[in-house]
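Heads up, the thing below is written out as structure tokens.
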């Protein structure tokens, strides 16, 4: 999302001689109507299926933090625009599908079954969508196939029909993989680049209402959650006050306030910033004002940061390179930069987050650490939010330092 306004106003505020009492600006108190509401204790970890390849992060790696989590969201299932149905992102990796040679559930789903047997308190949700599949959602909506998609999503919670055509053996057919009881609900991650078209906003609401109804009919207690971007153009164009009637909670993605989409350097997930609508506090305030109670929101935090090359530091221009075009996990920041004497750590008093800057090589790194996680947890409790979510578990170090910090701080 673009937030040039943030950079401009902060620079102006720094140049003025007027002193503004920061504490009076941010973080703002929770509205009086919610002051007697107790914060929730939801702690969600997102597990990305592709991380078993890219980061060698396996289901078994979650065993050591299972008691620090209440929910796991398995990402992602693909909304397939060609058929209007839910399809597994990686049939082999997810369920072990291998033409006609595999008929029992294997892959990540089998490992999750074993995980859940050992940690029965954990609820596991299956997430559909993600930024990669945003256009698939849009096409399905335009084809008026969202009802079919909802039915397919409700079905995929318990089973999946795998269709194969083996070029080596010449065999064609289908196998139904059953894993009833593994998943406890659906998470919907329908994303947009900017303001949501009115037709899509209406269909999104109808889709969520339909999916809630299907899940309730399918099995008592199934959860329905949704992921919400913090771009004001997006959440202001959605009927959030109506959407929250159908979800157990929203994962508010409190990150990417500054990313490679911006022209200047900034913090990935600042709690506060002078004058800016692009801060965690600002986002939650406006979402609450749109009719979403805080007890219906879980704050999703990033276990990653961004590298900005050839910059003069905070709020300055930088050169967009391949290095700065992707997120970098906390584990890699810890491994490659935290102990490098050329990188000086700074703490932003408003954003309540750290950064690193290498003056010689002109490299700026925005990230979160234990101290900033503590601040964000304190903020979530003050705002009476339902809990904390972490995107994504593979981003933490081998000791799961940041995940454990959330648990210890709550």
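No value in this document is a laboratory result; all are computed from the given coordinates. This is a predicted model, so every value here is computed, not measured. Neighbour counts run over all protein chains shown; Cβ positions are idealised from the backbone, glycine included.
Treating the Cα atoms of the range 286-359 as identical point scatterers in vacuum, please give the log10 of the normalised Debye intensity I(q)/I(0) at q = 0.22, 0.25 Å⁻¹, two decimals.
Debye output, listed in q order: -1.08, -1.29.
Sticking to Cα atoms, compute the Rg of the range 133-292 to one decimal and its Dmax as the biggest Cα-Cα distance, whole number, in Å.
19.0, 65
How many angstrom separate the Cα center of the range 216-287 from the Cα center of the range 380-407?
16
Quick check on the range 95-216: take the gyration tensor over C-alpha atoms, sort the square-rooted eigenvalues as a ≥ b ≥ c, and tell me if it's rounded (a/c under 1.5), prolate or oblate. Could you put the intermediate results ahead of the total?
Numbers: a/c = 2.29, a/b = 1.42, b/c = 1.62.
Oblate, because a/c is 1.5 or more while a/b does not exceed b/c.
Find the Rg to Rh ratio for the range 284-410, where Rh is the Kirkwood radius over alpha-carbon pairs and Rg uses the same atoms.
On the way: Rg = 15.8 Å, Rh = 15.7 Å.
We get a ratio of 1.01 for the range 284-410.
Once you have the alpha carbon radius of gyration of the range 121-187, what is it after dividing by 2.2 N^0.38 Å, with N set to its residue count?
1.39
Pairs of alpha-carbon atoms within less than 8 angstrom and 6+ residues apart define the contacts here; what relative contact order does the range 24-104 have, in percent? Don't skip to the answer; put the middle values down first.
On the way: 56 pairs, mean separation 20.1, N = 81.
That works out to 25 percent.
Tell me, what does the Kirkwood hydrodynamic radius of the chain come to in angstroms if you use every pair of distinct C-alpha atoms? Mind dumping the intermediate values first?
On the way: mean 1/r = 0.0449 Å⁻¹.
Computed over Cα pairs of the chain, the Kirkwood hydrodynamic radius comes out at 22.3 Å.
Rounded to whole Å and ordered largest first, report the semi-axes of the equivalent ellipsoid of the range 332-407 derived from its Cα gyration tensor (root of 5λ).
Equivalent ellipsoid of the range 332-407: 25, 16, 8 Å, largest first.
Find the centroid of the Cα atoms in the range 155-215 and in the range 320-364, then give the distance between the two in whole Å.
38
Can you tell me the relative contact order of the chain? Whole percent, Cα pairs under 8 Å, sequence separation 6 or more.
On the way: 834 pairs, mean separation 79.8, N = 410.
The value is 19 percent.
Can you tell me the Rg and the Dmax, both Å, for the Cα atoms in the range 66-135?
Radius of gyration, then largest Cα-Cα span, for the range 66-135: 13.9, 40 Å.
Let's test this: bin the Cα-Cα distances of the range 324-365 at 10 Å from zero up to the farthest pair and state each bin's percent.
Pair shares across the bins are 26, 57, 16.
From Cα coordinates alone, what are the radius of gyration and Dmax values for the range 211-251 in angstrom?
Calculated on Cα positions, Rg and Dmax stand at 11.9, 36 Å.
Could you give me D for the range 177-245, from Stokes-Einstein at 10 °C and 1.306 mPa s, where the hydrodynamic radius is the Kirkwood radius over C-alpha pairs? Units µm² s⁻¹, please.
Values: Rh = 13.3 Å.
For the chosen part, D equals 120 µm²/s.
How many nm is it between the label spots at residue 90 and residue 67, if each spot is 7 Å from the Cα in line with the beta carbon?
Inter-label distance under the simple model: 3.0 nm.
Give, in nm to one decimal, the length gained when the segment between residue 338 and residue 37 is fully stretched (0.36 nm per residue of separation minus the Cα-Cα distance). All intermediate terms of the calculation are to be shown ahead of the outcome.
Working: separation 301, 0.36 × 301 = 108.36 nm, distance 3.90 nm.
Answer, rounded to one decimal: 104.5 nm.
Per-residue counts of other Cβ atoms within 10 Å, averaged by peptide: what ranking do you get for 363-369, 131-137, 341-347, highest first?
363-369, 131-137, 341-347
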